[in-house]
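Working notes, beginning with the structure itself.
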Amino acid sequence: AQIREAREKRGPAVTTDGQQMRISANVELPEDLPLIRENGADGVGLYRTEFLFLRSESGPSEDEQLAVYREAAEWAKPHRLVIRTLDVGGDKLLPWLSMRPAEKNPFLGFRGIRLSLEREGIFRTQLRAIVRASDQGNVAVMFPMVTDVSEFRRARELLGRVRAELEAEGHRLEEVPCGVMIETPAAALMADLLAREADFFSIGTNDLVQYTLAIDRLDDRVSSLYPAPHTAVLRLIQGVVRDAKKQGRSVSVCGEMASNLALLPFFVALGVEELSMGSILIPRVKTAIRRICASEARERVEAALSRKEVPEVLEALNRLAERFY
Ligand code: PEP
Ligand code: MG
């Protein structure tokens with residue numbers, strides 16, 4: 001029984017009619033890495049790098065970062081490690097990178113890719129470490145909080161320059177696919193254009209929900225107004241996946257919605273390729289996916305989404321999920 005359980009955990013998540021989905025892990029600290037193997041993750045879909053910068057007094061060196069990224073790539077094998085570049089700001093502030101004047105609305109402030117593009121020295125060091133870690137063969141990178149194609153292009157250009165520099169220094173490098181997080185309504189609405197530029201999308205629903213619904217993700221009083229997903233967010237996600245597919249790009253979902261059992265038939269129906277979540281949630285989600293019939297999910301999701309009020313949509317999605325598990 002133990003052997004069967006282990007095989008089930010490691011095995012792929014495939015629907016009853018053969019549609020496969022990668023179920024990967026979100027990693028916040030190096031201590032999380034052993035858990036990805038234990039829980040049968042199909043790689044790391046979101047590797048948050050903030051811890052490196054929060055721990056350090058002045059920012060981690062290239063070599064310090066390189067060692068940490070290589071170790072993570074090793075754990076993710078034979079699957080992919082998707083490293084997200086620094087996403088401080090908002091609720092994650094660095095003592096050594098002061099915001100002056102202090103921000104009144106840090107979540108609407110100088111964060112994510114905005115900060116990286118302005119502090120190019122810090123960004124360049126991180127990109128060098130990520131590109132060097134590609135010698136492990138399975139490393140991808142993505143940028144947080146993008147709101148416009150120009151930001152993505154600037155970041156990608158810097159990635160290209162860093163790569164050329166490293167090649168000139170004689171490093172042996174592998175391809176590093178370069179993706180964009182879709183976590184602002186602006187990015188979701190520009191997904192058709194971003195899909196022409198980026199190698200893949202990763203939908204960050206925590207921020208996408210916060211910015212779409214004007215709900216502070218850290219404030220229980222408002223976040224409990226919508227304990228479950230809102231139709232507006234589901235519609236944005238539908239559009240993003242449609243735009244990605246038109247350009248042949250793959251889509252992952254890496255916010256908390258990815259592990260919501262009531263939404264799995266929705267993600268299956270859309271043809272999302274990957275869901276990324278805290279490792280301990282993975283076995284449960286894999287078991288649920290294996291019970292879903294994708295063609296039935298596709299037939300029924302539209303009707304659920306067409307209900308007028310959010311609670312009605314949620315009830316319809318719950319009923320759909322109950323057909324399967
Ligand atoms: C998100 O916004 O959904 C996300 C995955 O990133 P974070 O939670 O780190 O902001
Ligand atoms: Mg986010």
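Every read-out reported here was derived from the displayed coordinates using simple, explicitly stated rules and does not represent laboratory data. From a predicted model like this one, the values you see are computed outputs, not experimental measurements. A quick note on method: Cβ atoms are made from the backbone with ideal geometry, for glycine too, and the neighbour counts reach across all protein chains shown.
Some observations on this one:
- Our helix-only sum for the chain, with -39,500 (n - 2.57) per DSSP H run of n ≥ 4 divided by its residues, gives a mean residue ellipticity at 222 nm of -14500 deg cm²/dmol.
- Equivalent ellipsoid, the stretch 192-282 (semi-axes from 5 times Cα gyration tensor eigenvalues, Å): 23, 15, 12
- Projecting the Cα atoms of Gly121, Val82, Phe201 onto the dipole axis of the chain, where Lys and Arg carry +1 and Asp and Glu carry -1 at the beta carbon, places Phe201 farthest toward the positive end.
- Modelled spin labels at Leu108 and Leu35, positioned 7 Å past Cα toward Cβ, are 3.4 nm from each other.
- At full extension, Asp148 and Ile280 could sit 44.1 nm farther apart than now, given 0.36 nm per residue minus the alpha carbon distance.
- Radius, Kirkwood style, for the chain when every pair of distinct Cα atoms is counted (Å): 20.3 Å
- Here the chain is scanned for GluC sites (Glu not before Pro) in DSSP loops (not H, G, I, E, B) that have at most 10 other Cβ atoms within 10 Å, and the longest stretch holding none of them is 170-308.
- Scattering curve values for the stretch 219-325, log₁₀ I(q)/I(0), Debye with Cα scatterers, q = 0.16, 0.17, 0.19 Å⁻¹: -0.72, -0.82, -1.03
- Nearest-20 debye value, the chain charge dipole, Cβ charges on Lys, Arg, Asp, Glu: 640 debye
- Selected from Met277, Ala303, Leu317, residue furthest toward positive end of dipole (the stretch 277-325; charges at beta carbon): Met277
- Qualifying trypsin sites (Lys or Arg not before Pro) in the stretch 83-176, DSSP loop, other Cβ atoms within 10 Å at most 11: Lys104, Arg172
- Between the stretch 82-130 and the stretch 195-252, the Cα center-to-center distance that results, in Å: 21 Å
- Qualifying trypsin sites (Lys or Arg not before Pro) for the stretch 246-317 [loop in DSSP, other Cβ within 10 Å: at most 11]: Lys308
- Take every Cα pair under 8 Å whose residues are at least 6 apart in sequence, average their separation, divide by the length of the stretch 19-153, and the relative contact order is 26 percent.
- Relative contact order (%) - criterion: Cα under 8 Å, at least six apart; region: the chain: 19 percent
- 0 to 90° range, to nearest 10: angle between helix 149-168 axis and the chain longest Cα axis: 50 degrees
- Lysines with Cα under 17 Å of Lys104, excluding same-chain neighbours fewer than 8 positions away: Lys92
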